[in-house]
Amino acid sequence: MEKQFSGGKILWLVTGDITRVPADAIVNAANAALRGGGGVDGAIHRAGGPVIMQELDQIRAAQGGCPTGSAVVTSAGALPARFVFHAAGPIYRGGGQGEAALLASCYSTCLRLAEERDLRVVSFPSISTGAYGYPLEEAAAIAVDTVCRHIERDQTRVREVIFVLFDQGTHDAYARALQRLQPAVE
Ligand code: APR
């Protein structure tokens, strides 16, 4: 599924493995400690190779971890990308702990990092909806809304955002979120 924006900008929803999809920056659903893990984080480190963790070690030494809702940048090793943006999504604790704003901040921070580097193509996984337990429909709405609001702005240099969703159920939830949003962005 896709959604087109003015100036040829486009948002894609695809099902698959984010480590196989070329982009300028691949976003990782990391943790605040930046120490790697399972899920998409494990897949990115396996496919990208040890250089990514070496750079995260340096970032950790310099600044500690990564605040929840923010992201840090490394190179991408063997991945088909120039950078990995490691975003620390919120652990879902019922919704009353600022989770929605923190999740939106993951997406907006990564898009800002892309703009700062003059990148054109950014891919995202479904941040926080795996091990971190964020309810899928709510997370999809936040992700799609935040990305659409950014990409529809005239001054953005990001041309293409790709949500790479690992399973059909996640893809379908993002598709529903995008359909609900259509009237607002057309
Ligand atoms: N490509 C795309 N999406 C993937 C991939 C992959 N290769 N592998 C898993 N996913 C999907 C999951 O199916 C889920 O829909 O990414 C989504 C996010 O799930 P998690 O990876 O568990 O991420 P999150 O919920 O944000 O939890 C982060 O898990 O692995 C640890 O270090 C990570 O502690 C952090 C926590």
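The values are calculated or read from the model by the stated rules, or taken from the named source; none is laboratory data. Keep in mind it's a predicted model, so treat the numbers as computed, not measured. For neighbour counting, all protein chains shown are included, and Cβ atoms are generated from backbone atoms with ideal geometry for every residue, glycine included. For the accessible areas, the whole protein counts, side chains as well, though only heavy atoms, and no ligand, DNA or RNA atoms are used. Shrake-Rupley method; radii C 1.70, N 1.55, O 1.52, S 1.80 Å.
Quick look at the values:
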item	result
Residues of the range 1-14 classified as out of contact with any Cys (no Cβ under 7 Å at 6 or more places or on another chain) and either aliphatic (A, V, I, L, M) or exposed (fewer than 15 other Cβ atoms within 10 Å of the Cβ) (or both), total	9
Qualifying residues in the range 116-163 (those that are within 20 Å of Leu79 (Cβ to Cβ) and among the hydroxyl-bearing types (Ser, Thr, Tyr)) - the one farthest from the ligand (Cβ to nearest atom)	Ser123
Enumeration of residues in the range 96-132 that are among the small types (Gly, Ala, Ser), part of a helix (DSSP H, G or I) and out of contact with any helix residue (DSSP H, G or I) (no Cβ under 8 Å at 6 or more places or on another chain)	Ala101, Ser105, Ala114
Unique residue being of a type outside the set (D, E, K, R) and touching a Phe, Trp or Tyr at 6+ places or on another chain (Cβ under 6 Å) when the list is Cys106, Cys110	Cys110
In the range 76-91, residue farthest from the chain's Cα centre (by Cα) [restricted to those that are within 18 Å of Val144 (Cα to Cα) and part of a loop (DSSP other than H, G, I, E, B)]	Pro90
Residue check, Glu2 over 19 Å from Val161 (Cβ atoms), more than 12 Å from the ligand (Cβ to nearest atom) and charged (D, E, K, R)	no
In the range 133-183, residue surrounded by the fewest Cβ atoms within 10 Å (Cβ to Cβ) [restricted to those that are out of contact with any Lys or Arg (no Cβ under 8 Å at 6 or more places or on another chain) and in a loop (DSSP other than H, G, I, E, B)]	Gln155
Qualifying positions in the range 33-69 - free of Cβ contacts under 8 Å to residues at least 60 places away in the same chain, open to solvent by 40 Å² or more (accessible area, probe 1.4 Å) and assigned to a loop (DSSP other than H, G, I, E, B)	Ala33, Arg35, Pro50, Pro67, Thr68
Residues within the range 16-28 that are exposed (fewer than 15 other Cβ atoms within 10 Å of the Cβ) and either near the ligand (Cβ under 10 Å from one of its atoms) or part of a strand (DSSP E or B) (or both), tallied	3
